[in-house]
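Presented below is the structure to which this report refers.
The values are calculated or read from the model by the stated rules, or taken from the named source; none is laboratory data. These numbers were taken from a predicted model, which means no experiment stands behind them. Every residue, glycine among them, receives a Cβ derived from its backbone with ideal geometry; neighbour counts consider all protein chains shown.
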Amino acid sequence: MIESMTGFATAKGAALGATWTWDLRSVNGKGLDLRLRVPDWIDGLEARLRARVTAAIGRGNVTLNLRLARDEGQAELAVNPAGLNAVIAAMALVEAEAMEAGLSLAPATAADILNLRGVLEVRSLDAQTAPLLEALIADFDHVLADFLTMRRTEGRALQTVITAQLAQITTLVDQIAAATEARADEMAQTLRANLARVLDNGAGADPQRIAQELALIAVKADVTEEVDRLRAHVTAAQDLLQAPEPVGRKLDFLMQEFNREANTLCSKSQHKALTRIGLDLKTVIDQMREQVQNIQ
C-alpha cells in the first residue's frame with residue numbers, strides 16, 4: 001500500500017484536572033527523524049510516545065507537540081504517613097508524662113490531629129502522574145490513527161498521479177520507437193555520406209578500420225536498448241505501486257534509472273523529432289520523481 005510521508009493530525013483532550021492539545025505532523029525525509037516536544041515532568045511519557053510513533057512510521061521528518069495545562073484547583077489533600085506517625089508518637093509520650101504527673105488530658109479528635117502541621121499536605125498533579133500518563137497515551141492512540149489515515153489517503157492520491165505519469169511515459173516511449181523507425185532512412189543516408197567522405201579522403205586507409213568506425217557510429221545512434229529498458233522500468237514501477245510493503249526507496253532508485261535512460265536516449269537521438277520527444281520524456285520523469293520523493 002502506497003503511503004505518503006506527508007501527514008497531519010491535531011486533537012484536544014481533558015482528564016484528571018488537566019487539558020491538552022496534540023499536534024502531529026510530518027514531511028518527507030530520507031529516514032525517520034522524530035522530534036518530540038512534551039512535558040518533561042510526566043515520567044515515561046516521551047519514551048512511550050516515541051516507541052508508538054517509531055513502530056507506526058517508517059520514514060519522514062515527524063514533529064509531535066503536546067501542550068498541557070493543569071488546573072491547580074484540582075490539587076488533592078492527603079495524609080502524610082510519616083507526619084501522622086510522628087504526631088501519634090508525640091501524643092502518646094505527652095499522655096504518659098501527664099499520667100505520671102497526675103494530670104488528666106481531654107481526648108484528641110481526628111480533626112485536632114489533622115490540623116497539626118505535617119499531618120495533612122496538599123499534593124499537586126505532579127505527585128501523581130501515572131494516571132495522567134495513561135490518559136494521555138490512550139488519547140494519543142486516536143491521534144496517531146487519524147495521522148496514519150491521512151498519510152494513507154495522501155498515498156492513494158500519489159498512486160493515482162504516478163500511475164497517470166507512467167501512462168504518459170509509455171505513450172512517449174511508443175512515440176520514440178515510431179520516431180526511431182522514421183529516422184532509419186535518414187540515418188542510412190547519413191552513414192552513406194560519411195562513408196563516401198571517408199573513402200574520398202582516405203587514400204591508403206585500412207578498409208577494415210573504416211568499417212569498424214562506421215559500425216561504431218551506427219551502434220552509438222541505436223536507441224533500441226534504451227527503449228527496451230524504459231519499458232521494463234515502467235513495468236517495475238507499476239509492480240511496486242501494488243506492493244504491500246513500503247516502496248519509496250525502491251521507487252526513488254528506479255527514478256534514477258529512468259533519468260539515465262532518458263539522458264542517454266537524448267544524447268543518441270541525432271534527430272529533431274526524437275530529441276523533442278526525449279525532452280518531453282525527461283520532463284515527465286522529473287515530475288514523477290518529485291511525487292516519488294513523498295512516498296514512504
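Within segment 238-296, how many residues are of a type in the set (A, V, I, L, M, F, W, C), under 24 Å from Val223 (Cβ atoms) and surrounded by fewer than 17 Cβ atoms within 10 Å (Cβ to Cβ)?
The total comes to 3.
Residues in segment 219-235: is at least one among the small types (Gly, Ala, Ser) and modelled with pLDDT under 95?
Taking every residue of segment 219-235 in turn, at least one turns out to be among the small types (Gly, Ala, Ser) and modelled with pLDDT under 95.
Looking for whichever is loosely packed, with under 11 Cβ neighbours inside 10 Å and within 30 Å of Ala157 (Cα to Cα) here; the options are Arg52, Arg35. Which one fits?
Arg35
Within segment 68-103, how many residues are at pLDDT 80 or above and of a type in the set (S, T, N, Q)?
The qualifying residues number 2.
Give the residues of segment 14-32 that are of a type in the set (D, E, K, R), surrounded by fewer than 16 Cβ atoms within 10 Å (Cβ to Cβ) and closer than 18 Å to Phe147 by Cβ, sorted by residue number.
Within segment 14-32, just Asp23 meets the criteria.
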